Structure formats: structure tokens, C-alpha cells
Amino acid sequence: MVHSARFWDKIAEKYFRDPIADEDAYKIKLQITQEHLHPEMQLLEIGCGTGGTALQHAPHVAQVRAIDISSAMVTIARRQAEEKGVKNVTFEQADVATFEAEPASFGAILAMSLLHLVEDRTAVIEKIRKLLKPGGVFVSNTAALGDRMGYLRFVLPLMRLVGKAPYVEIFKAKQLEKEIEQAGFRIVHHWQPEKSPSVFLVAERIDQ
């Protein structure tokens with residue numbers, strides 16, 4: 001993951017300055033997510049970037065713990081929290097693969113624009129389930145590039161080789177949904193904006 005961390009460090013300031021590609025869709029995802037939050041909840045965001053989403057959700061929960069592999073992204077996120085006076089969010093540089101927390105310690109976990117960027121998606125999903133309380137919610141937004149942009153499987157490795165792209169895996173939305181369900185979740189909300197490769201899912205941890 002060192003290569004990917006360097007990529008995100010390099011583009012962190014540009015990432016922060018660039019406008020959200022689809023502001024209306026982003027607001028809908030925020031609203032749907034917040035319907036599953038409550039004031040006593042501990043929230044974890046994996047791959048928090050420059051912290052915008054974590055800060056949006058902070059008023060709706062007791063505490064937000066947000067991590068990202070990029071130290072530059074985390075620096076910007078901390079700056080934003082300080083400027084906005086948000087006290088119940090902590091940002092830390094961490095790789096989800098080595099991140100540690102008590103099992104069943106979070107009521108909700110977010111992985112926004114992340115699952116297509118990890119090399120062992122199954123392990124990440126299993127770890128998320130372990131960290132969630134029974135009945136907790138897992139909210140994800142993932143670029144399922146195999147549905148509409150499968151040609152990128154030939155382009156992205158070359159871009160990564162020259163430092164123009166991070167690691168990206170190509171798969172379809174149906175495959176992702178199956179993996180999440182097999183890991184012990186029930187999908188309670190599915191939304192894919194028209195003409196978008198991104199699939200937005202809310203899944204509940206289920207226990208037999």
C-alpha cells in the first residue's frame with residue numbers, strides 16, 4: 001500500500017480543491033446515511049480522504065474516528081476540523097489492513113470510494129463486520145467499473161506504472177453485493193445513479 005499512499009499524498013491538495021463531481025448525488029448519499037445514524041453512535045470512516053464526509057456526519061453521532069493511508073490527506077482533514085470547530089472527530093493516518101480497534105465497537109462504518117482501491121477486498125469487508133456491533137450498518141460507495149468501464153482494466157495498470165493512478169480493481173456491482181452478503185450482511189439500500197459507475201450500498205450486520 002506504500003505506492004498508493006504516495007499517490008494520494010501527491011494529489012491531496014488538488015483532491016481537496018476539486019469540486020464534488022455530482023453534488024446532488026453526494027447530498028442524497030449523506031441524507032440516506034444519516035437516516036441510519038443516532039446521537040449515541042460511534043462512527044468509523046475508512047479512507048476518509050480530506051475529511052469532508054466525516055465532518056458532515058459529525059453532528060449526528062457521538063464520535064467519529066476517521067482513517068486514511070495518506071498522511072497529507074489526514075493533515076488537510078485535521079485542518080478542516082480545526083477551522084470548522086468540530087470537536088468530536090479524530091483523524092489518523094492508518095492502513096485499514098493494520099488498523100486496530102476493539103471488536104464490535106462501532107455502530108456504523110463508512111467506506112466511501114474505497115473498496116475498488118484495496119488489494120484484498122474480502123479481508124476488508126470481513127474486518128468491517130468484525131468491528132461493527134451486531135445490527136450495525138456498513139455504508140459504502142464503490143466504483144463498480146466492470147459494469148460500464150471494463151476497458152479500464154487494460155489502461156489502469158499502465159497509468160499506475162507511471163504514477164498517474166493508484167491500485168484499482170475492476171469488478172461488477174453484483175459481485176460486490178454478493179461478497180458483502182456472504183460476509184454476513186443484509187443489504188437494506190441499493191442505489192446507483194443513472195450513468196454512474198458508482199454503487200451506493202447500506203448493509204446491516206446480521207448474526208445467525
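Summing -39500 (n - 2.57) over the DSSP H runs of n ≥ 4 in the chain and dividing by its residue number, what mean residue ellipticity at 222 nm do you reach, to the nearest 500 deg cm²/dmol? Please list the in-between numbers first.
Details: 8 runs with 83 residues, N = 208.
Mean residue ellipticity, 222 nm, calculated: -12000 deg cm²/dmol.
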Q) If R0 is 30 Å, what FRET efficiency do you get for residue 11 and residue 95 from their C-beta distance, rounded to 0.05? A) 0.95
**Q.** Burial ordering of 200, 138, fewest other beta-carbon atoms within 10 Å first
**A.** 200, 138
Q) the range 53-78 to the range 1-48: how many Å between their Cα centroids? A) 8 Å
Q: Excluding residues on the same chain fewer than 8 positions from residue 172, give the aspartates and glutamates whose Cα lies under 15 Å from its Cα.
A: 147, 181
Q) In nanometres, what is the gap between the two model label sites at residue 191 and residue 207, each 7 Å from Cα along Cα-to-Cβ? A) 2.9 nm
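Taking a ≥ b ≥ c as the square roots of the eigenvalues of the Cα gyration tensor of the range 52-135, is the shape rounded (a/c under 1.5), prolate (a/b larger than b/c) or oblate?
It is oblate, given that a/c is not under 1.5 and a/b is not larger than b/c.
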Q | For a label point 7 Å along the Cα-to-beta-carbon line of residue 126, residues of the range 168-208 with backbone N under 12 Å | A | 183-184
Q | Additional length obtainable on full extension of the chain from residue 32 to residue 105, 0.36 nm per residue less Cα span | A | 24.1 nm
Q: Report, ordered by chain and residue number, the lysines lying within cross-link reach of residue 133, taken as a straight Cα distance under 23 Å and ignoring same-chain residues fewer than 8 apart.
A: 29, 178
(Q) Rounded, prolate or oblate, given the Cα gyration tensor of the range 169-208, with a/c below 1.5 counting as rounded? (A) oblate
(Q) Taking the Kirkwood radius as the inverse of the mean 1/r across Cα pairs, report the Rg/Rh of the chain. (A) 0.94
(Q) From the mean inverse distance of alpha carbon pairs (Kirkwood) and the Cα radius of gyration, derive Rg over Rh for the range 1-107. (A) 0.96
Q) How big is the equivalent ellipsoid of the range 2-54 along its three axes, where each semi-axis is √(5λ) from the Cα gyration tensor, reported in whole Å from largest to smallest? A) 25, 16, 8
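What's the magnitude of the charge dipole for the range 1-158 around its Cα centre, counting Lys and Arg as +1 and Asp and Glu as -1 at the beta-carbon? Answer in Debye, nearest 20. Mind dumping the intermediate values first?
Working: 18 positive and 20 negative charges, 18 e Å.
In debye, rounded to 20, the range 1-158 gives about 80.
No value in this document is a laboratory result; all are computed from the given coordinates. Keep in mind the model is a prediction, meaning the values are calculated, not measured. Backbone-built Cβ (ideal geometry, glycine too); neighbour counts: all protein chains shown.
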